[in-house]
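The next block holds one structure in the form of structure tokens; read it before the comments.
The values are calculated or read from the model by the stated rules, or taken from the named source; none is laboratory data. Keep in mind that this is a model prediction, so the values were computed, not measured. We place every Cβ from the backbone using ideal geometry, glycine too, and count neighbours over all the protein chains shown.
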There are 2 protein chains.
Amino acid sequence: MKNLFLGLFIFALLCSCTQQPDQKNVQQGDPLPSWNEGPSKQAIINFVKETTYSGSESFIPAKERIVVFDNDGTLWSEQPMYFQFIFAIDRIKQMAPQHPEWNEIQPFIAVLENNMETVKKSGIEGLLTLTMATHSGMSIEEFEKIVKEWINTARHPKTGKLYREMVFQPMLEVLDYLRATGFKTYIVSGGGIDFMRVLTEEVYGIPPEQVIGSYGKYKFEVKDGLTEIVKLPEIDFIDDKEGKPIAIHRFIGRRPVAAFGNSDGDLAMLKWTEAGAGTGLMVYIHHTDSDREWAYDRESHIGRLDKGLDEANEKGWIVVDMKSDWKYIYPHELSMDK
Amino acid sequence: MKNLFLGLFIFALLCSCTQQPDQKNVQQGDPLPSWNEGPSKQAIINFVKETTYSGSESFIPAKERIVVFDNDGTLWSEQPMYFQFIFAIDRIKQMAPQHPEWNEIQPFIAVLENNMETVKKSGIEGLLTLTMATHSGMSIEEFEKIVKEWINTARHPKTGKLYREMVFQPMLEVLDYLRATGFKTYIVSGGGIDFMRVLTEEVYGIPPEQVIGSYGKYKFEVKDGLTEIVKLPEIDFIDDKEGKPIAIHRFIGRRPVAAFGNSDGDLAMLKWTEAGAGTGLMVYIHHTDSDREWAYDRESHIGRLDKGLDEANEKGWIVVDMKSDWKYIYPHELSMDK
């Protein structure tokens, strides 16, 4: 009897020793539980299996497993307008008492009068004016602090949820699944790089050095022995459309093997990914669920998906139908369901 | 006797199990064998020990262990001029038959006549002209191929070695040591990002996504269904002086905890690193060995170390004396010594 226990004990020890602690391409159970069974889910799982199994013809070496994700509309919602722009509007209202001159200049007047139609009509130039006024003239640390406070308190007008809670549960699972199988997940978004980095690590598990976005110019200063990087009111780079593959090259220097987007702004990035040498995964998230989220594509001013949809259909890229492919949209639905 | 063996067997199993397989902060033997004993070597080892030991007051969480290295003069030699510039000169000569107009424009005439004094006198503008002429007008893949061929064949006029062999053995050991203890090593250099990335992974073990440098503008094109990123003859960003902390912020989004440089061009980066919250390591490589490498500092046109040397002395940063601190300079000396 004593020997039996001893034998079992040794056996247990041996088992615990032979188990690989760092075996990243083994997944227990369903890696994408918030996805309904169907071709979209299957395509993602097949891609991972084919490219990470060492005997596979489509095997991708670990260092080349770069996956890029658009943010607005791909990892979180973007309606009724980009959340970063809602932040800018909130900031204008907050800062207005210190800026009496805004009462006489458009599009500030429109913002302060809550006249969103006029704000939208001010076009790209108007939006940039509002963004510059709220995203510059301070150190990077001060800006981070302001965004952090907003992201932890501001609530969405339709859902009443914090904006940071309006991330897509099925995409969080894709991020986790890809990382667990040795992929490096990057954000490549038109959103501001300093804005996004405040939340990406906590919300998506994506560290700042893997977040690429639009950015303004900066100034490095040494004042009274203190060093500071100050945000200047001047755009340096817009990370959208053809800018996305360029930014990928500049920041990463490798071509991605998979790309997820939701609009025509992501088309160049998906094309660039597809044109790579090996197996690639190109995915469009199609907003089709007007009940649980929003439904929009070819005619939308925000997140327009028109040319991209044609190209995806033509080339057989994955088009995720949010309504039928996703069991849940937001993380809070999971706990409601339990 | 049988029980004794069994006991020893279980003991051995237990030992092998309790040993952490991923324990990155355990180093066997001397991690910096090409460094002579002294304050420089000791400071680097102390920094690593203090910041990676989990009970330490100066402990730095793994994700914040960002270390930045200048390239020219810090990781490899930079005399008689930057190696990338020698590449540009070689390319001008190679491309000259296709550019008869160069026979009538400076500084091309000077290059083709091997008149390096006139080339140097053409100043920054002249150097940029030569760089643009050789670093643009082709796809990123074509450029990579050209640099790869050069880096694997071109030899240094003084040493007769391939330029890629003129990397500093003691710095290769620092890179390995830091990575083995969980630090993420980045290059932050005035050199061209596309030029450096051709060699950094193979030579330094630094992947492209951890290489930051100067860069030009790019154009994304779709021609006959083929996608291409083309290098344009226009500078976008110079990663030098105050540009370095700005590039670090833009690309990494975290402040480094250690920085290695060799010239005044690295001073802003070292200051930015020093001003971080926790324990920092600021290191200047001082070129003091005219026999084995070169000796230059305050008066040099290339890699001038003047203000930086004053600041380092004032603040007690580490100033590595190449002559006395380094047992070997280049890797090939190691094999000669065996």
| said: Among the numbered criteria (1) part of a helix (DSSP H, G or I); (2) surrounded by fewer than 14 Cβ atoms within 10 Å (Cβ to Cβ); (3) within 22 Å of the chain's Cα centre (by Cα), which one does A:K158 miss? | reply: (1)
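Would you check which residues across region B:269-296 are within 14 Å of chain A (Cβ to nearest Cβ) and either closer than 20 Å to B:I329 by Cβ or touching a helix residue (DSSP H, G or I) at 6+ places or on another chain (Cβ under 8 Å) (or both) and list them? Step through it out loud before you land on a result.
Kept after step one, since they are within 14 Å of chain A (Cβ to nearest Cβ), are these residues of region B:269-296: B:269-277, B:280, B:282.
Once the filter is applied, which keeps residues that are within 14 Å of chain A (Cβ to nearest Cβ) and either closer than 20 Å to B:I329 by Cβ or touching a helix residue (DSSP H, G or I) at 6+ places or on another chain (Cβ under 8 Å) (or both), region B:269-296 yields B:M269, B:L270, B:K271, B:W272, B:E274, B:G280, B:M282.
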| query | For region B:115-127, what are the residues that are surrounded by 17 or more Cβ atoms within 10 Å (Cβ to Cβ) and either touching a strand residue (DSSP E or B) at 6+ places or on another chain (Cβ under 9 Å) or not in a helix (DSSP H, G or I) (or both)? | reply | B:S122
| Consider B:A43 against the criteria (1) of a type in the set (G, A, S); (2) out of contact with any helix residue (DSSP H, G or I) (no Cβ under 9 Å at 6 or more places or on another chain); (3) not in a helix (DSSP H, G or I): it satisfies all of them except one. Which criterion is unmet? | (3)
| request: Could you please give the count of residues in region A:219-234 that are modelled with pLDDT under 95 and of a type in the set (A, V, I, L, M)? | output: 2
| note | Residue pairs qualifying under the 7 Å Cβ cut-off, at least six apart or on distinct chains, with the first in region B:284-299 being among the small types (G, A, S) and the second being surrounded by 15 or more Cβ atoms within 10 Å (Cβ to Cβ), are B:A295/B:H287; B:A295/B:T288; B:A295/B:D289
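So for region B:230-245 (the condition being aliphatic (A, V, I, L, M), facing another protein chain (nearest Cβ under 9 Å) and in contact with a helix residue (DSSP H, G or I) (Cβ under 9 Å, 6 or more places away or on another chain)), does at least one residue qualify?
Taking region B:230-245 first, the residues aliphatic (A, V, I, L, M) are B:230, B:232, B:235, B:238.
Cutting the leftovers down to facing another protein chain (nearest Cβ under 9 Å) gives us none.
Looking for residues that are aliphatic (A, V, I, L, M), facing another protein chain (nearest Cβ under 9 Å) and in contact with a helix residue (DSSP H, G or I) (Cβ under 9 Å, 6 or more places away or on another chain), one finds none in region B:230-245, hence no.
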| note | Selection from region A:43-59 of residues of a type outside the set (K, R) and over 27 Å from A:V203 (Cβ atoms) yields A:N46, A:E50, A:Y53, A:S54, A:G55, A:S56, A:E57, A:S58, A:F59
| Within region B:226-239, is there a residue that is buried (at least 18 other Cβ atoms within 10 Å of the Cβ) and more than 24 Å from A:T273 (Cβ to Cβ)? | yes
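If you check B:V174, B:V198, which single one turns out to be aliphatic (A, V, I, L, M), part of a helix (DSSP H, G or I), over 30 Å from B:E37 (Cβ atoms) and within 18 Å of the chain's Cα centre (by Cα)? Break it down into steps so the answer makes sense when it comes.
Values: B:V174 fails: over 30 Å from B:E37 (Cβ atoms).
Residue meeting the stated conditions: B:V198.
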| task | Starting from residues that are modelled with pLDDT under 95 and surrounded by fewer than 17 Cβ atoms within 10 Å (Cβ to Cβ), keep the ones in region A:276-301 and report whichever is nearest to the chain's Cα centre (by Cα). | result | A:H301
| field | Pick from region B:305-336, criterion under 16 Å from B:N36 (Cα atoms) and free of Cβ contacts under 8 Å to residues at least 40 places away in the same chain, ranking: surrounded by the most Cβ atoms within 10 Å (Cβ to Cβ) | value | B:M322
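With the requirement that a residue be of a type in the set (V, I, T) and more than 14 Å from B:L128 (Cα to Cα), what does region B:90-104 give you? Steps first, please.
Taking region B:90-104 and keeping what is of a type in the set (V, I, T), we get B:92.
Result: no residue meets the conditions.
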| note | By residue number, the members of region A:191-229 that are over 15 Å from B:F251 (Cβ atoms), among the β-branched types (V, I, T) and at the interface with chain B (Cβ under 8 Å from one of its Cβ atoms) are A:V222, A:T227
| Filter result (among the charged types (D, E, K, R) and within 12 Å of chain B (Cβ to nearest Cβ)) within region A:246-268 | A:R250, A:R254, A:R255
| task | Would you mind telling me which numbered condition in (1) touching a Ser or Thr at 6+ places or on another chain (Cβ under 8 Å); (2) surrounded by 19 or more Cβ atoms within 10 Å (Cβ to Cβ); (3) of a type outside the set (A, V, I, L, M, F, W, C); (4) modelled with pLDDT under 95 B:P170 fails? | result | (4)
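Looking at B:R255, is it assigned to a loop (DSSP other than H, G, I, E, B) and over 20 Å from the mean Cα position of the chain (by Cα)? If you could, list the steps in order and put the result at the bottom.
Working: assigned to a loop (DSSP other than H, G, I, E, B): yes; over 20 Å from the mean Cα position of the chain (by Cα): no.
Answer is no for this residue.
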